[in-house]
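Data first, discussion second: the structure below is written as C-alpha cells.
Values quoted throughout were computed directly from the atomic coordinates according to the rules given, and no laboratory measurement underlies them. Worth saying up front: this structure is predicted, and the values here are computed from it rather than measured. Positions of Cβ are backbone-derived with ideal geometry, glycine not excepted, and every protein chain shown enters the neighbour counts.
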Amino acid sequence: MKKIASIPLADVERIEIRVTRCQKTLSKVKAESGADYILNGGMWNADGGPCPLLKVDGKMLADADYDSYGYGWDQGPDIQLTPSMKSRNFISCTCLIAPWGPVDKPGYHEKGQGGTRGRSAIGLKAGELCLYCSSDGSSDARTPEGLRDELAALGWESAVMLDGGGSSQCDFDGQAIKASRKVHNWICVYTKKGGVVPPEGENTMRKQYTVTPSVGVNIRKGPGTGYDKVGGYSKGTVITVLEERDGWGRTDKGWVKLSNLSLSTSSGGSSTATGRKTDTGVPIKEMLVAAGRKNRPGGANPCTYITIHETGNKANGADAEAHGSYVRGDSAEASRVSWHYSVDDDSIVQHIPDGEKAYHAGDGANGPGNAQSIGIEVCVNADGDFAKAQANAASLVRLLMKEHQIPAANIKQHHDWSGKDCPQTIRHTTGAWDKFLDLCKGKSTTPPALVADVDVLAGAGIVGSPDYWKAGSGYSDGNVVCLIHAMAEYIRKEGN
C-alpha cells in the first residue's frame, strides 16, 4: 500500500516539524495538530534523539560536521532543496533527486536504511509540494534506489527520503497508512482554507451545491452531528464544498451534511451532441474545457493507453454533465485537474480532445499517464446505476481502442500510474476489474441461453440495445423493473 499527495505551493499555509520524541502516535498527532497532511519525518537514535540534520523553528536539534541536501523553509510555501541550514526549518536524511537529477549512489547506512522496506519521502515538482508513503512489508516496499527511480518517473524534480521501515506512516487528508511505532518527529502540512487539495486532486474536488430542505441546514464545526452548530444556510442557497468527508462537506463557514444538498450544474453550461456513438448506441457529447485554461495544457497525446478512474463523488446528481461543469470551472483550473471523458449510466461527455494531454493520472506533467493516455472518469453518484455506467465506459473503451489502435493490454487503472486507490469501487470488488476488462474486449459474461432470450426480446421490440444486455450489465434492479413494464405493455398490445 502507498499514498502520494501533491499540494500546490500556493495552497500551503505553513509546514511544521512537530517533535514528539517518540511519545505520540500518528492518530494522536492528527487529533492535536489538525494538520491536513502528516508524514513521519527524519531518522532517530535508539535513545529517542534525532539524527542529523534537523532544525525546528530556528532551533538546531541535530547538527553535523558535514553538509547535505535537504529541505529548508521559513513558513512553508518557500520550501526549497538546499544544502544550507539558514532557514528556520531544515530536514535531511538521504537525497534521492538533487538539482542535477537522480543521485547515482544515494548516501545511506545499509543497516539502518537499506533493503526493501516501506518508504517515506518529501519532494517538489512543478510548483507542488509532494509527499510519499508506502507501508512496510507490502508489495509497494522499495529499496532506496527503487524509490528514487519511482519518484523520478512520477516527475519529481527533487526528493529526500525520510525515515522508513516500521516508521513509514502518513495521513494525507484522511487517507492513512498507520503503524504502531511512535517516531521522533512528524512533517505537518497546513493548507489555506478554501485551498485544500486532496491526494492527486480527484476525490474531493470543489463543487457547487444547492441547499434543498425547506428548513435549511445546520453548519457545524466538524463533520458530524456531535460537533457544535456555528450557523445555518437557508433553502436554495448555493454553496461551494471545498472538501468531502464521511458524508459531510466543508464550506468556508463550516461543515454541512451532503444528503441535504443537491449538486448544482447551472454554472457549467450544457453539453453539445457530436454525432459519435459507441457500439451500444450511447451518444458522445461535448463539454470541452476552453483552450488556454491552465487545466487544458495542450501538447500531443499519442493515445498509447486508456486510464480508468472513478469520480469518487457519490452525491445525488454528480453525473457526467455535472463533472463537465466542474472541469470547465475555476476550481478545476486552479487545481490543474482535467480528464478526457466522464461517463454515467446514460451518457458520455468529452472534456479534452483525445489527442491532447490532460492532468488526471498524478504522474507529473510528462508522465505516461498524463501525457500518453486517455483518461475516463466513471461516475459513482448514488442516484445512478453504476453497473450501467461501467458498461457505458467499456463501450467507450472499445470505441477508443478501435479509433486509436490501442491494445487491451494498455487499459490501465489510475493506480498503475501513481499508486492511488482508484478506481476504488472496482478495485475493492472481487473480480470486478477482470469483468470490466472482459467488457472492454467485447466478451459476454452472460450465459448463452440468456443471450438467445435477449435476441428474442429485442426482435419483439421489448428491449433496446441488446448488446448492452448481452454484456451482462443490464440486470440491475431498476432495469429489471423497466423490463417487467415493457413486457406487460407488449402483452397488452398483443391482446388488442
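Before moving on, here are some points about what is shown:
- Each label point was placed 7 Å from the Cα along the Cα-to-Cβ direction; for Asp78 and Asp354 their separation is 5.0 nm.
- Simple Cβ-charge dipole of region 2-191, Lys/Arg +1 and Asp/Glu -1, about Cα centre, in debye nearest 20: 580 debye
- Gain on full extension, evaluated as 0.36 nm per residue between Thr143 and Lys105 minus their Cα-Cα distance, stands at 12.5 nm.
- For region 200-263, the percent of C-alpha pairs falling in each 10 Å distance bin, counted from 0 to the bin holding the largest distance, reads 25, 59, 15, 1.
- Rg and Dmax of region 272-440, based on Cα coordinates, read 14.3, 42 Å.
- Scanning residues 5 or more positions from Gly137 or on other chains, those with amide H under 5 Å from its amide H are Gly118, with H placed 1.01 Å from N in the peptide plane.
- Positive-end ranking of Ser331, Asn45, Pro99 along the dipole of the chain, with charges on Cβ about the Cα centre, is headed by Asn45.
- Amide H contacts of Arg276 (H built 1.01 Å from N, under 5 Å, at least 5 apart or other chain): Ile284
- Screening the chain for whole DSSP H helices of 20 Å or more along their axis (Cα) with average Kyte-Doolittle hydropathy at least -1.0 returns 386-404, 477-495.
- For region 63-73, Karplus couplings with θ = phi - 60° (6.51, -1.76, 1.60), whole Hz, Gly/Pro x: 9, 8, 8, 9, 9, 8, 5, x, 9, x, 6
- Where labels lie 7 Å past Cα in the beta-carbon direction, separation of Ala387 and Val238 in nm: 3.7 nm
- Where N is the number of residues in the chain, Cα Rg divided by 2.2 N^0.38 Å: 1.07
- In this structure, the amide hydrogen of Ala62, modeled 1.01 Å from its nitrogen in the peptide plane, lies closer than 5 angstrom to those of Leu54, counting only residues at least 5 positions away or on a different chain.
- Region 126-189 has equivalent-ellipsoid semi-axes of 20, 15, 11 Å, by the square roots of 5 times the alpha carbon gyration tensor eigenvalues, sorted largest first.
- Peptide packing for 5-14, 172-181 was compared via the average number of neighbouring C-beta atoms within 10 Å per residue; ordered from the highest value, the list is 5-14, 172-181.
- For the pair Met1 and Ala408 in one chain, pulling the backbone fully straight at 0.36 nm per residue adds 144.0 nm over the alpha carbon distance.
- Separation of alpha-carbon centers, region 52-110 and region 217-244, rounded to whole Å: 41 Å
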